[in-house]
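Below is one structure, written out as C-alpha cells; the observations come after it.
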Amino acid sequence: MLYTELVEIYEKLSGTNSKLEKRDILSDFFITIPEDILPFVTGLLSGYVFPKWTEKELGIGPKLLIKVISKITAISEAKIEEYILSTGDFGEGIEKAVDQKRQQTFFNIQIDVAYLKDIFEKVSGFQGKGSQDKKISYLSELFSAATSIEARYLSRTILEQMRTGAAEGIIIDAISKFSGIPKQDVEKAYLLTNDLGLVALYSKKGDQDLYKLDVIVGRPLKPMLAQIAGSIELVLNDIEEPEMEVKYDGARIQVHKNGNTIKLFSRRLENITQALPEVLSDLKSSLIPNNIICEGEVVAYKDGKIAPFQYVLRRLRRKYQISELSEKIPLRLFLFDCLLVDDRSLIDLTLKERRNILTSSVKESEIVKIAENIVSKDPLVVKDFYNKAVKDGHEGIMIKDNLSQYQPGARGKKWLKIKKTMETLDLVVIGAEWGEGRRKEWLSSLLLGIRDDEGKFLPIGKVATGLSDDLFTEITEQLTPLIMEEKGKIVTLVPKIVVEVLYDEIQYSPKYESGFALRFPRVLRVRDDKDAYDADTISRAYELYESQQKTF
Ligand code: AMP
C-alpha cells in the first residue's frame, strides 16, 4: 500500500465534521488494508506511531524535523520557521518548504507504507551518542521521496499532531462496522489490550479471533475508576457485600511482572518504570508468582508523615538524579488489586477472590504493602475505618462491591469513593424552569450561580437531578417569591437560595459565563444556614479544579 492512499484518507477525514461520515470513510478503508500493515496503519490513522504503552518512541521534536527539511530543501531553518509561523501550522509550514523545492527537482519514487514502518522502527531504535545524525539521515531519505502534501502529514504524524478528528471512539465504530462485530465487543477488546491496531487486525480475522484477545503481561489495561458516593449509609444499603479500603492519596500504578522483568505503568498507561527504582527493587522480592499484574497506589512520605500527592508527581516526572530525590521523598506502594497471575486473567473473578489471590501472591516489604481493608455492613464500623484513614493522613476510603468483576476503564457504581474533602460547592439558584408532566408544579431545572469577586453570580451549571419530591416541593416554595422575570417556562430569580451541590468533576467550559461547568451535578440539600454572600466563589472553583488535575 502506498502512503499516498493514506494521505487521501487523511484529506477526506479532514474534509468532514460528521462523525458518521468519518466512520464510513475509515470503515471502507479498513477493508482495503493488508493484514501485515493493518496494526501500523490503524495507529497512523489514530494519530500515533507506536502504542503509548510500548517503550518505543521516535524521539523527534520539531527542531530536528526542521533541520531535516532544511537539509533536503536547502532552505534555511529560519525561513522554514517563518513558513510555520505564517501558516500557523507545523505540517503546512513543512509542506510549503517541500513544495518550493519540488518545483526545481523531479522525483518519481513513491513511499510505500511498509517502507515507512521500517524507517520508523529503525529511527526509534537509535539511542545515545550519534543517534541524532542517524535519525537525520533516515528522515532525509524519507522526506526526499515525499510529495509536499505527504510531507505535511508525515510531519504531523511524527509530532503526533494529526488533527483529522479520528478519535478512538470513531475508529472503534469503524472497526465494528467493517467487521460486523458488535461495538461493545470491539470496545471490550480495546479495553483489555489498549491497542487499536491489534483490535483492528483480530477483528479482520473474525470474531472468534477477537474474543481470544485477553489481558497480557506487559500490556497495561485501562484502570477501573470510582464514582463519588453520596454517603456511607446509602452505599451500605445498596451494596450486598461492601469492602472498604483506605483511599491513598498518591499515584495509581499498574505493575506487570514477567519473569525477571518488571514494568510499571501510570494511570495514563505510560511506562514509568525508570522513575521508581526503589519500588521496582522491592517488588522483585515481594511478588511471588512468575507472572503477575497487580495494581496499587504509590504514596510519598515526608518526615515520616504522608506527603501530598504532588510529591509523588515530582518523583514520576523526574528523569535524572532519581536516587537523590528518592532519599528526600521515600515512597510506599499499597497494592489493592490483582488482574492476572501466571498467565491466567483474573478480571472476571470477584474482588473478594482477586484480593485473596493478591494476598497470597505478595510478601510485604518496607516499601510494598497490601492496602488496608475491612469487610463490613455496619455503618459504625465503616465510619470508624473512615475516621482512622483520615486521621492517618489519607484521602478517605473506597467502598467496593466485593462481589464485582474488574471492569477496565469503567467509572461505575462498583467502586465508590468517599473523600475527606467532599467535592461539594455551595451555589446560588439564579434561575429555573417550570417542569413538565408530573413536575409541572415544580421549578425543576435549576440554574446555579457562583459568586465572582465583585459579588455577581455567574452561571456554572444546571441541575435537574438529585432532588427528591420533597426537596422539589421545598425548593419551589422558597423560590417562587423570588421570581423577577418569567419568559415562557424560564424564570430569573433573585439570588438568595443556596444549595449544596455534589459533582463528579469541575471543568473549564466556555458554555457558562463563570468559565467553569460541573459534570453530573446533584443537589444534596438546601443550605438554609447560608445566604447568597456566603456561597462559594470562583476562586474556590479554581482551587478545586486545580486539585483535581492529578494526571497520573
Ligand atoms: P479519583 O482520582 O478521585 O477518581 O479516585 C480514584 C483513584 O484513587 C484511583 O485511580 C487510584 O489512583 C486512587 N486510589 C487510592 N487508593 C485506592 C484504593 N484502595 N483502591 C482504588 N483506587 C485507589
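A straight Cα-to-Cα reach below 14 Å connects residue 413 with the aspartates and glutamates 238, 240, 241, 243, 401, 504, residues fewer than 8 places away in its own chain not being considered. Listed cross-link partners 56/284; 22/135; 63/183; 19/135; 67/263; 383/530 are compared with a 30 Å cut-off, the Cα-Cα value being larger for 22/135; 63/183; 19/135; 67/263.
Candidate cross-link partners of residue 440 among the aspartates and glutamates, defined by an alpha-carbon separation under 16 Å and a same-chain spacing of 8 or more, comprise 469, 470, 474, 477, 486.
Entry note, the chain: the mean residue ellipticity at 222 nm calculated from DSSP H runs of n ≥ 4, each adding -39500 (n - 2.57), is -12500 deg cm²/dmol after division by the residues and rounding to the nearest 500. For segment 225-419, the share of alpha carbon pairs falling in successive 5 Å distance bins from zero is 1, 8, 16, 20, 20, 17, 11, 5, 2, 0, 0 percent. Remark: relative contact order (the chain) = 12 percent; criterion is Cα-Cα distance under 8 angstrom and separation of 6 or more residues.
Contact order, relative form, for segment 425-547: 30 percent (alpha carbon pairs under 8 Å, 6 or more residues apart, mean separation divided by residue count). The smallest convex shape that holds all Cα atoms of segment 425-547, its convex hull, gives 102 Å³ per residue. Working from the Cα coordinates of the chain, the gyration tensor eigenvalues give, after taking √(5λ), semi-axes of 45, 34, 24 Å in decreasing order. Summing +1 for each Lys or Arg and -1 for each Asp or Glu among the other residues whose beta-carbon sits under 10 angstrom from that of residue 35 gives +1. For the residue pairs 52/117; 377/417; 122/257, alpha carbon separations beyond 20 Å are given by 122/257. Compared with the dominant principal axis of the Cα atoms in the chain, helix 469-479 is inclined by about 80°.
Can you tell me the 0 to 90 degree angle between the C-alpha axis of helix 90-102 and the longest principal axis of the chain, rounded to 10? Approximately 10 degrees, to the nearest 10.
Rounded to a whole number of µm²/s, how large is the Stokes-Einstein D of segment 48-159 at 37 °C and 0.692 mPa s, given Rh as the Kirkwood radius over C-alpha pairs? Roughly 230 µm²/s, to the nearest whole number.
Bear in mind that the values in this text are calculations on the coordinates, not laboratory data. The shown structure was predicted, so the numbers you read here are calculated from the model rather than taken from an experiment. Virtual Cβ from ideal backbone geometry, glycine too; neighbours counted across all protein chains shown.
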